[in-house]
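Asker: The structure is given below, and queries will be raised subsequently.
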Amino acid sequence: ALSKPLEEAFSLWKQLLEHPGVPRVRSPEQSVISLQLLAALFRLQGKPIQALESFLLLRSLCQKLGDNLGMANSLCQITWILLQLECPSQAQVNL
């Protein structure tokens, strides 16, 4: 029950980012932070797949915004989760 709001937030972000182009948001910086927090909260709840999916959305947002540092950070987080899930070949692709 506690993760329902997180899952709803994830679903809304997914809908927003599935369209091509830069999403219309009030603050791109706050949007990046929001997705980082979403992924971190999933991680704290012990939901690595949802955290991974959130970091993938973050990577997509950063790519659309041209935020290279944010993209690098999200790729590092994705790689870390894949290694924790014992998926080294998929982790290597992100490196």
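Asker: Over the chain, with every protein chain in place, what whole percent of the accessible area is carbon and sulfur at 1.4 Å, could you tell me?
Answerer: 59 percent
Asker: Give me the accessible area per residue for segment 28-94, probe 1.4 Å, as a whole number in Å².
Answerer: Result: 56 Å² per residue.
Asker: Express in Å², to the nearest 10, the accessible area of residue 56 obtained by rolling a 1.4 Å probe over the protein heavy atoms while all chains stay in place.
Answerer: Rounded to the nearest 10, that gives 60 Å².
Asker: While we're looking at this one, here's another question. Could you pull out the longest piece of the chain with no exposed loop trypsin sites (Lys or Arg not before Pro) in it, calling a site exposed if DSSP puts it outside H, G, I, E, B and it has at most 16 other Cβ atoms within 10 Å?
Answerer: 27-95
Asker: Here's something else I'd like to know. How much mean residue ellipticity at 222 nm does the chain get from its helices, if each DSSP H run of length 4 or more adds -39500 (n - 2.57) and you divide by all residues, to the nearest 500 deg cm²/dmol?
Answerer: That comes out to -25000 deg cm²/dmol.
Asker: What accessible area, in Å² to the nearest ten, does a 1.4 Å probe give for residue 76?
Answerer: 90 Å²
Asker: Can you list the aspartates and glutamates whose alpha carbon is less than 16 Å from that of residue 4, not counting same-chain residues fewer than 8 positions off?
Answerer: 53
Asker: Something else about it: Going toward the positive end of the dipole of the chain, with +1 on Lys and Arg Cβ and -1 on Asp and Glu Cβ, which of 20, 52, 89 do you reach last?
Answerer: Checking the options against the dipole of the chain, the answer is 20.
Asker: Leaving ligands, DNA and RNA out of it, work out the accessible area of residue 60 with a 1.4 Å probe and give it in Å² to the nearest 10.
Answerer: Its heavy atoms expose roughly 30 Å² to the probe.
Asker: Relative contact order for segment 28-94: what percent, with Cα pairs under 8 Å and sequence separation of 6 or more?
Answerer: 25 percent
Asker: Largest first and in whole Å, give the semi-axes of segment 28-94's equivalent ellipsoid, each being the square root of 5 times a Cα gyration tensor eigenvalue.
Answerer: Result for segment 28-94: semi-axes of 19, 15, 7 Å.
The values are calculated or read from the model by the stated rules, or taken from the named source; none is laboratory data. In this text, all values refer to a predicted model and were calculated from it rather than measured experimentally. Please note: Cβ atoms are built from the backbone with ideal geometry, for glycine as well, and neighbour counts cover all protein chains shown. We work out accessible area using only protein heavy atoms, side chains counted, and drop any ligands, DNA or RNA first. Shrake-Rupley method; radii C 1.70, N 1.55, O 1.52, S 1.80 Å.
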